[in-house]
Amino acid sequence: MKLKKKTHVVILGAGISGLTVSYFLNQHKISNTIIEKDKVAGGLLKSFKIKDFVFDNFIHISHAKNSVVKNFFKKSSSYFKLKPKPNNLYKDTWIDHSPQFHLYPLKLGEKIKIIYSFLTRKKNKGYRIKNYENWLKGAYGDYFAKNFPMKYTEKYWATKSRNLSTSWIKFRMQEISFWDLLKGSFVKIFRDTYYSSDMKYPKSGGYESFLKLLKKNKNIIFNSKLNFIDHTKKKIYLGKKIIKYTNLVSTIPLPEFSNLSKEKNKKLKFHANKLRCTAGIIISIGLNVDINTRTWFYIYNKDFKASRIYAPKKLSKNNCPKGKSSLQAEIFLDNKKKVDDKYLKFVKNNTVDNLIKYKIIKKENIEFIDIKFKKYANVIFDKNYDTSRDFIINYFKKLNVDFVGRFGSWAYLWSDQCFMSGKATAQKILRENFNK
């Protein structure tokens, strides 16, 4: 096969998606450059070390089912297979996950309210698809919906359930029958309802180790700040440098990419401003003792700001020194909200105080506390999502731009899906540029 024309692909962002595009282009000797704003590759999947403790930027576990991804990750790093059993903190009670199947620890009065509400719920399909709040009430009844998933939604998605669409739910929320609700309320049982059964995590080096092969890439320009992109002339302005391209692939957040365009379009700016996502604060705590917790737990209490906390040592024993342990708490907020040092101190103290309050840790066992702010965490699927996302992507597709990854394509993608989106885009570019 021969190239139809001279080809140079520019990829914005050296996270898993951008690295994957470059990797498969390199297999066919297609010229490409990755532009990365940070000093190292990895994006949101970068791991970091404090003393001899290893942490990730939010919890990451491979749920990969695709054999291509599984084999690639395996070549990059040996791994542990996980069989986690997460639980939930509700008021002062611990409940196995998913809570709708494990209501046994609750008081009788609350169980009766949940069961009655379930029996009298609105099951009409037209009502349920209107928004996520209606879906929850239709699936579980008003009482459970209001006290469990609706409360968690505000913490994790940083918005009310009624503001979310239902397009993202798919397999992520498990519905329940009356019999299972009854059984879980009055019989102490455990039912594994987690939506993934094939979970893996690298034996050492944190989740980033799965990117080991991808990071062996000499085409990356680090510490790069994009000024603007001239899509007509196919030029990227990078400080004083200009890079020409034939194909452009973006993995950077869709709103940011839209605002880099030299061509000013009011509709484009309007839709870019409509896209929403959460930012995240991660609080990593090193402990000088080995504590006993589940792999992770969800928190429904409004006064406890963290939505989820996980134990890195439960993912890999090598994430902590022997005889010690660690926790990482995740706090989410709308990424358009201003976050200052005062707020970061508040959530740090709130997290530590509540961990002590619920007897998860002791103050004297804390070796260190680290806090990081991440501007981009999860895409918010509100009522504007489909219209605004589709407008932007269709606008730039006419200019021969491909979007990959969670933030590039502005979608709910896991790491394996980001990998496959990068591979598919590389294959598309190859088809378009090679003569058969």
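Data for the structure
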| quantity | calculated |
| --- | --- |
| The chain: Cα Rg divided by the 2.2 N^0.38 Å rule of thumb | 1.04 |
| Inter-label distance for Asn66 and Thr120, nm, one decimal - labels placed 7 Å from Cα along Cα-to-Cβ | 4.8 |
| Options Ser388, Thr153, Asn163, ranked by Cα towards positive dipole end of the chain, top entry (Cβ charges) | Ser388 |
| Long pairs among Lys111/Lys348; Lys337/Lys397; Lys233/Lys267, criterion Cα-Cα beyond 25 Å | Lys111/Lys348; Lys337/Lys397 |
| Karplus-derived HN-Hα couplings along the range 360-377 (A = 6.51, B = -1.76, C = 1.60, θ = phi - 60°), whole Hz, x at Gly and Pro | 8, 9, 10, 4, 5, 8, 6, 8, 6, 9, 10, 10, 10, 10, 10, 5, 10, 10 |
| At R0 = 25 Å, FRET efficiency that the Cβ-Cβ distance of Lys6 and Lys428 yields, to 0.05 | 0.85 |
| Inter-probe distance in nm under a simple model that places probes 7 Å from Cα toward Cβ, at Phe228 and Trp179 | 6.6 |
| Relative contact order, percent, the range 87-186 [alpha-carbon distance under 8 Å, six or more residues apart] | 31 |
| Gaussian network model of the chain, springs between alpha carbon atoms under 10 Å - residue of Asn247, Asn292, Asn57 with greatest fluctuation | Asn292 |
| Cβ-derived FRET efficiency at R0 60 Å, Asp353 paired with Lys241, nearest 0.05 | 0.80 |
| Per-pair calculated FRET efficiency, R0 = 45 Å: Lys363 and Ile129 via Cβ, rounded to 0.05 | 0.40 |
| Whole-number percent relative contact order across the chain, with pairs defined as alpha carbons under 8 Å at least 6 apart | 25 |
| Candidate lysines - alpha carbon under 19 Å from Lys125, same-chain residues fewer than 8 apart omitted | Lys137, Lys170, Lys383 |
| Least to most buried among Arg128, Arg172 (fewest other Cβ within 10 Å first) | Arg172, Arg128 |
| For the chain, built as a Gaussian network whose Cα springs stay under 10 Å, the top-fluctuating residue of Gly126, Gly138, Gly205 | Gly126 |
| Among Glu208, Glu256, Glu330: highest mean-square fluctuation, GNM of the chain, C-alpha pairs under 10 Å | Glu256 |
| Gained length - Lys337 relative to Asn273, 0.36 nm times residue gap less alpha-carbon distance | 21.7 nm |
| Size of charge dipole - the range 87-186 - debye, nearest 20, with Cβ of Lys, Arg +1 and Asp, Glu -1, no other charges | 400 |
| CD proxy at 222 nm, helix term only [per DSSP H run n ≥ 4: -39500 (n - 2.57); per residue of the chain; nearest 500] | -9500 deg cm²/dmol |
| Note, ³J(HN,Hα) from phi for the range 324-341, Karplus 6.51, -1.76, 1.60, rounded to Hz, x at Gly and Pro | 10, 8, 7, 9, 9, 9, 10, 10, 10, 8, 4, 6, 8, 7, 6, 10, 10, 4 |
| Relative contact order for the range 8-69, counting Cα pairs under 8 Å that sit 6 or more residues apart, in percent | 29 |
| Extension reserve of the Ser204-Ile221 stretch, reckoned as 0.36 nm per residue once the Cα distance is removed | 3.4 nm |
| Degrees separating the helix 385-397 axis from the principal Cα axis of the chain, which is the longest one | 10 |
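Every number in this text was worked out from the coordinates using simple rules, so none of it is lab data. Keep in mind that what you see is a predicted model, and the values were worked out from it rather than measured. Because the Cβ atoms are built from the backbone with ideal geometry, glycine has one as well, and the counts that use them run over all protein chains shown.
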